[in-house]
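All of the numbers you see were taken from the coordinates with simple rules; none came from a lab. Remember, predicted model here, so these are calculated numbers, not experimental data. Neighbour counts run over all protein chains shown; Cβ positions are idealised from the backbone, glycine included.
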Amino acid sequence: MAIGNLFILAAPSGAGKSSLIKALLERYRDGSMQVSVSHTTRSPRPGEQPGVHYHFVDESTFKQMIVDEAFFEWAEVFGRYYGTSKQAIADTLEQGKDVFLDIDWQGARQVKALMPDTATIFIAPPSRDELLRRLRHRNTDSEEVIAERMAKATAEISHYKEFDYVVVNDDFDQALKEVEAIVLSKRLTQTKQASRHQDLFNELLK
């Protein structure tokens with residue numbers, strides 16, 4: 001069985017990376033891909049379920065996990081901690097499943113250093129005005145928080161050159177096709193196909 005592929009999608013808040021991942025998973029319901037469920041110290045938002053969207057833990061628990069080196073990567077964002085379990089990622093990849101990490105550029109840099117074959121994808125908004133409109137359309141944050149997110153967006157976007165792929169999410173359906181194309185291209189590399197179809201090639205080369 002071929003080892004699964006690890007993908008990182010990073011973007012400023014409001015660019016649509018979470019929606020793109022969700023739509024891709026809905027398109028592929030064969031269990032061949034899944035999102036990594038991160039640990040976080042922030043409180044659940046309306047509709048979020050523990051173990052499905054995040055593993056919600058308190059700050060002391062999270063910091064102990066850092067000491068125990070339990071995280072593949074972790075970062076502090078807006079005063080809250082986020083981290084990805086090493087064991088969870090390894091177990092899923094060993095099953096031949098593709099894994100998506102929804103993390104920022106700092107986490108992407110950490111993961112890429114440890115696993116150079118990871119495919120990193122940056123999702124960019126079509127304009128600052130559109131990004132601001134999307135953030136306001138959520139109706140979940142105050143204007144002060146939105147201003148903070150816009151300021152952070154500039155810092156996030158400044159790292160786009162560190163990523164393997166860039167997708168501009170102007171038209172959602174087109175952006176989804178582009179992300180899907182990246183996933184399929186990674187699945188079709190020679191090494192992945194040789195592992196996945198080893199019996200076939202042995203038979204063909206008799």
message = Can you compute the label reach from THR154? Point 7 Å from Cα along the Cβ direction, backbone N cut-off under 13 Å, restricted to region 103-135.
response = 128
ask   = Which whole-number percentage describes the relative contact order of the chain, with Cα contacts under 8 Å and a sequence gap of 6 or more?
value = 32 percent
inquiry  = Need one number: nm distance between label points at LEU188 and LYS97, each 7 Å from Cα along Cα→Cβ, rounded to one decimal.
reply    = 2.5 nm
query = Okay, which of region 85-100 sit inside 20 Å, backbone N to the point 7 Å along the Cα-Cβ direction of VAL52?
reply = 100
ask   = Which ordering of GLU130, GLU59 is given by a fewest-first count of other beta-carbon atoms within 10 Å?
value = GLU59, GLU130
task = Could you check the simple spin-label distance between ASP30 and THR140, using points 7 Å along Cα→Cβ, in nm with one decimal?
result = 3.2 nm
ask   = So what's the angle, to the nearest 10 degrees on a 0 to 90 scale, between helix 172-187 and the longest Cα principal axis of the chain?
value = 40 degrees
message = Calculate the FRET efficiency for GLU76 and ASP171 from the Cβ-Cβ distance with a Förster distance of 25 Å, rounded to the nearest 0.05.
response = 0.15
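For the chain, what is the percent of antiparallel DSSP beta bridges, rounded to the nearest 5? The partial results should precede the final answer.
Working: 8 of 26 bridges.
So the antiparallel bridges amount to about 30 percent of the total.
Okay, helix-only estimate at 222 nm for the chain: each DSSP H run of n ≥ 4 adds -39500 (n - 2.57), divide by all residues, round to 500 deg cm²/dmol; what do you get? Mind showing how you got there, number by number?
Numbers: 9 runs with 94 residues, N = 206.
Computed mean residue ellipticity for the chain: -13500 deg cm²/dmol.
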request  = For an R0 of 22 angstrom, estimate the FRET efficiency from the Cβ-Cβ distance between SER19 and LEU114 and round to the nearest 0.05.
outcome  = 0.20
